[in-house]
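**Student:** Pasting a structure here, questions to come.
The values are calculated or read from the model by the stated rules, or taken from the named source; none is laboratory data. Treat the numbers as computed from the prediction; the structure is a model and nothing was measured. In this analysis, Cβ positions are derived from the backbone assuming ideal geometry, glycine residues included, and neighbour counts consider all displayed protein chains.
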Amino acid sequence: MITTYERLLRIKEEKGAGYIVLLDPDKQPIEKSIEISKQAEAEGADAIFIGGSLLFFTIFDEFVKQIKQSVDIPVILFPGNATQISKHADAILFMSIISGRNPDALIGQQVQGAPVIKMLNLEPISTGYMLVESGKTTSAEFMSNTRPIPREKSDIAVAHALAGEFLGMKLIYLEAGSGAAHPVPDEMIAAIYKYSSVPLIVGGGIKSPEMAEQKVKAGASFIVTGNVLENGLKNGNIAAFAKAIHR
Ligand code: 1GP
């Protein structure tokens, strides 16, 4: 059977780049999240991510179960910490915040989560998570207690991405942070794309299909949006992003 990671690679292969919709369980009632998921699938999104830097939500497992029951596209966990694990997902981004120097975010939470993931038989996708400065302090930055990479320092970003690749990571996630004032700069994406062969996920502060298209042109393999849909979902919204992102 094909793994979720292989499904992601296939999406990139067939469509040039993939579009992923992020659901933060805290942001809206579960019914609304289900509605967003169904619309995402109907309008051409390729996968759903579920997670958040900090969750007040108490029925994470039930949330993931209900989203999984609502769609056929992959449902992938994007955990803020080791409590955000559910057997109902197709896979989990097994992330290390490689842009930071906080041992708990580099390996501590992973040690907490690994045995649970093993026991649940959940597919881990090794992901190097890189926070990039985005104009204001984001929840991801504050909660992870790490400093983001300066926006203008593409060379530093390239070195981190290469280190992630050489450590065997299967994805690099370039993150400006949810609700970022500025998304990850195109120049930084292009610089990493030039040197690294690992698929790049780019997210945080992407507010329009045009912006998403620019990121794909720069070298992003997957685009993630969260806030832009949660704040005002209209018919055709997701389709416009999918159209801009897909070849
Ligand atoms: C956050 O990359 C995601 O991890 C999405 O960010 O909510 O700003 O779209 P936004």
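**Student:** Strands (runs of 3 or more DSSP E) wholly in the stretch 69-165 with at least 3 residues that are within 24 Å of TYR19 (Cα to Cα) and touching a Leu at 6+ places or on another chain (Cβ under 7 Å) - which ones?
**Tutor:** On the way: elements: 75-77, 91-97, 123-131.
In the stretch 69-165, the matching strands (runs of 3 or more DSSP E) lie at 91-97, 123-131.
**Student:** Could you check how many residues of the stretch 194-213 are surrounded by fewer than 17 Cβ atoms within 10 Å (Cβ to Cβ) and more than 15 Å from the ligand (Cβ to nearest atom)? Full working, then the answer.
**Tutor:** Kept after step one, since they are surrounded by fewer than 17 Cβ atoms within 10 Å (Cβ to Cβ), are these residues of the stretch 194-213: 194-195, 197, 207-208, 210.
This time we only want the ones that are more than 15 Å from the ligand (Cβ to nearest atom), so: 194-195, 197.
Final tally of qualifying residues: 3.
**Student:** Given the condition touching a Gly at 6+ places or on another chain (Cβ under 7 Å) and farther than 30 Å from PRO150 by Cα, answer yes or no: does some residue in the stretch 15-34 qualify?
**Tutor:** No, the conditions are met nowhere in the stretch 15-34.
**Student:** Looking at GLY18, GLY44, GLY52, which is the one that is out of contact with any Lys or Arg (no Cβ under 7 Å at 6 or more places or on another chain), surrounded by 14 or more Cβ atoms within 10 Å (Cβ to Cβ) and at pLDDT 95 or above?
**Tutor:** Details: GLY18 fails: out of contact with any Lys or Arg (no Cβ under 7 Å at 6 or more places or on another chain); GLY52 fails: at pLDDT 95 or above.
The unique qualifying residue is GLY44.
**Student:** Check ALA240 against each of (1) part of a helix (DSSP H, G or I); (2) within 15 Å of the ligand (Cβ to nearest atom); (3) crowded, with 18+ Cβ neighbours inside 10 Å and name the one condition it does not meet.
**Tutor:** Of (1) part of a helix (DSSP H, G or I); (2) within 15 Å of the ligand (Cβ to nearest atom); (3) crowded, with 18+ Cβ neighbours inside 10 Å, only one is false for ALA240: (3).
**Student:** Can you report the number of residues in the stretch 124-150 which are surrounded by fewer than 21 Cβ atoms within 10 Å (Cβ to Cβ) and under 16 Å from the mean Cα position of the chain (by Cα)?
**Tutor:** 4
**Student:** Another one. Residue check: is PHE60 closer than 18 Å to GLY168 by Cβ and out of contact with any Gly (no Cβ under 6 Å at 6 or more places or on another chain)?
**Tutor:** Numbers: closer than 18 Å to GLY168 by Cβ: no; out of contact with any Gly (no Cβ under 6 Å at 6 or more places or on another chain): yes.
The answer is no for PHE60.
**Student:** If you don't mind, there's one more thing I want to ask. What are the pairs with Cβ atoms under 9 angstrom where one residue, in the stretch 119-138, is at positive phi and the other, located anywhere, is among the small types (Gly, Ala, Ser) and surrounded by fewer than 17 Cβ atoms within 10 Å (Cβ to Cβ)? Sequence gap at least six, or different chains.
**Tutor:** Final answer for the pair search is GLY135/ALA181.
**Student:** Hey, ILE125 hits all of (1) away from the ligand (no atom under 16 Å from the Cβ); (2) touching a Lys or Arg at 6+ places or on another chain (Cβ under 9 Å); (3) within 30 Å of LYS38 (Cβ to Cβ) but one; which does it fall short on?
**Tutor:** (1)
**Student:** Working only within the stretch 178-192, note down all residues that are buried (at least 20 other Cβ atoms within 10 Å of the Cβ) and not aliphatic (A, V, I, L, M).
**Tutor:** Residues satisfying the conditions are SER178, PRO183, PRO185.
**Student:** Test ALA218 against the stated conditions and say whether it is surrounded by 17 or more Cβ atoms within 10 Å (Cβ to Cβ), away from the ligand (no atom under 15 Å from the Cβ) and over 24 Å from TYR5 (Cβ atoms). It would help to see each step written out before you state the result.
**Tutor:** Working: surrounded by 17 or more Cβ atoms within 10 Å (Cβ to Cβ): yes; away from the ligand (no atom under 15 Å from the Cβ): yes; over 24 Å from TYR5 (Cβ atoms): no.
No, not satisfied.
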